[in-house]
Amino acid sequence: MTTEQQSNAVLKIGIIGSGKGSNALSIFEAIDRGALKAEVTIVLSDVEGAGILNHAIQRDIPARFISAAPFMTKLDGEAQQDYIDVLREHDVDVIALAGFMRIVKPDLLAAFPNRVLNIHPALLPAFPGMYSWKQALDYGAKIAGCTVHFVDTGTDTGPIIIQRSVPIKEDDDAGTLHARIQIQEHAIYPEALQLIADNRLRIEGRRVFIASPS
Ligand code: GRF
């Protein structure tokens, strides 16, 4: 492939999630309106009938449930290999974890080096793990937010690409706060993917540098 062909090639995204799929939807919509120059070639879920699969099916995007059994909280062993095989079959350049409720293990990361992204509903490194918006609320923080980061072998520890903050209001409950955070998630995940599509990210240690648009 020539350099020109490479720069014209459309980024192929594989999305993996376990839940309702609002982030996947925001990626589809960003592609539809031309804000993200990419194609989603496959959506995978470890949850049969998950909303994220239905969003893809409604748009005729290939979507599959793949069991991650026998594990409960991680994607490992043969199940992980099944995911890798299907992602490769669909020519995926970058993987967007979007509400995937499992820890991914080194084999997947090695198959897609520096090409696995995650969206986390907190301003990392504060509040890693589950229900981060509730952690922030219960802690008494005044500012919450979300983070798109590269995935490494830790839990929510990889190099940070984009973060966006939201205020925590006195009358917030977990639901209202998560909804406010999700509005920003839906903005920054497509933005981060477009930075990958434009080859504008450079990782140095923990830091991710964003080149000016060419
Ligand atoms: C989001 O809050 C995301 O940050 C977290 O899981 C949630 C997934 O939501 N990792 P959705 O399925 O994309 O609506």
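The values are calculated or read from the model by the stated rules, or taken from the named source; none is laboratory data. In this text the structure is predicted, and so the values were computed from the model without any measurement. Every residue, glycine as well, gets a Cβ built from its backbone with ideal geometry; the counts of neighbours run over all protein chains shown. Side chains are part of the model used for accessible areas, which takes the heavy atoms of the whole protein and leaves out ligands, DNA and RNA. Shrake-Rupley method; radii C 1.70, N 1.55, O 1.52, S 1.80 Å.
Within the straight-line cut-off of under 19 Å between alpha carbons, the aspartates and glutamates reachable from K142 are E170, D171, D172, D173, E185, sequence neighbours fewer than 8 places apart in one chain being disregarded.
Helical runs (DSSP H, four residues minimum) scored at -39500 (n - 2.57) apiece and divided by the length of the chain put the mean residue ellipticity at 222 nm at -10500 deg cm²/dmol. Could you pull out every one of the lysines with an alpha carbon less than 24 Å from that of K105, ignoring same-chain neighbours closer than 8 positions? Excluding near neighbours in sequence, the set is K12, K20, K74. Accessible area per residue (1.4 Å probe, heavy atoms of protein chains only) ranks M72, M130 as M72, M130, with the largest value leading.
Which whole-number value in Å² is the accessible area per residue of the chain, probe 1.4 Å? Intermediate values should be presented prior to the final figure.
Working: 10910 Å² over 214 residues.
For the chain, the solvent-accessible area averages 51 Å² per residue.
Can you give me the relative contact order of segment 86-135 as a percent, contacts being Cα pairs under 8 Å and 6 or more apart?
Values: 30 pairs, mean separation 16.5, N = 50.
It rounds to 33 percent for segment 86-135.
For segment 47-88, the set of trypsin sites (Lys or Arg not before Pro) satisfying both a DSSP loop assignment and a count of at most 16 other C-beta atoms within 10 Å is given as R59. Inter-label distance, T176 to T157: 3.6 nm, where each label sits 7 Å from its Cα along the C-beta direction. Put a plus charge on the Cβ of each Lys and Arg, a minus charge on the Cβ of each Asp and Glu, and nothing anywhere else: the dipole of segment 156-214 about its Cα centre is then about 380 debye. For the pair segment 141-214 / segment 17-73, the C-alpha centres are spaced 19 Å from each other. Extension gain for N54 to R202 (0.36 nm times residue separation, less C-alpha to C-alpha distance): 49.8 nm.
Rounded, prolate or oblate: which fits segment 3-203 when a ≥ b ≥ c are the square roots of the eigenvalues of the alpha-carbon gyration tensor, with rounded for a/c under 1.5 and prolate only if a/b beats b/c? Prolate, since a/c reaches 1.5 and a/b exceeds b/c.
The residue list V47, P159, P106 was ranked by how far each Cα lies along the charge dipole of the chain toward its positive end, using unit charges on Cβ atoms, and P159 comes out on top.
Considering Cα pairs under 8 angstrom that are at least six residues apart, work out the relative contact order of the chain and quote it in whole percent.
Values: 398 pairs, mean separation 38.9, N = 214.
It rounds to 18 percent for the chain.
Computed about the Cα centre, the dipole magnitude for segment 3-203 is approximately 380 debye when only Lys and Arg (+1) and Asp and Glu (-1) carry charge, each at its Cβ.
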